[in-house]
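Structure record follows, encoded as structure tokens.
Every number in this text was worked out from the coordinates using simple rules, so none of it is lab data. Just so it is clear, the model here is predicted, and its values are computed rather than measured.
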Amino acid sequence: MTALKLNAAYESKDITFKKAFTIVFLPFAIAFILSCLFRTMNAVLVPTLLQLTKASPSELWLLNATYFLAYALFQIPLGTLLDNYGAKKVQSCLGSAIDTRDT
């Protein structure tokens, strides 16, 4: 949808502020919260992880470093995919890949 069509739809009150807020802000807010959770989860669980897994602190550091490295390396291909194919197609393909991985 072009900006002109979105502007016309907003002016005709088809899209309310509450609906736009729900569509735009909430997914980003949830993604940010999950990202923060994933980054801090291991730091909070270090004593328990050390006790349960008998791992050394350097091995737990490697776990965190692997997560950050995978996250950082996937940003460039994901941006390219989003630009070329659009969010709906990329999201459905990634969701399908994750779903089939579990079976």
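The phi torsions of the stretch 69-85, fed into the Karplus equation with coefficients 6.51, -1.76 and 1.60 and a -60° offset, translate into couplings of 5, 5, 4, 5, 5, 7, 5, 5, x, 5, x, 5, 4, 5, 5, 7, 10 Hz, rounded to whole numbers, with Gly and Pro shown as x. When Rg and the Kirkwood radius Rh are both evaluated on Cα atoms of the stretch 56-103, their ratio Rg/Rh stands at 1.15.
For the stretch 24-39, the Karplus equation 6.51 cos²θ - 1.76 cosθ + 1.60, evaluated at θ = phi - 60°, returns couplings of 9, 7, 4, x, 5, 5, 5, 5, 5, 5, 5, 4, 4, 4, 5, 6 Hz by residue, with Gly and Pro reported as x. Counting every alpha-carbon pair across the stretch 16-91, the share separated by more than 14 Å comes to 74%.
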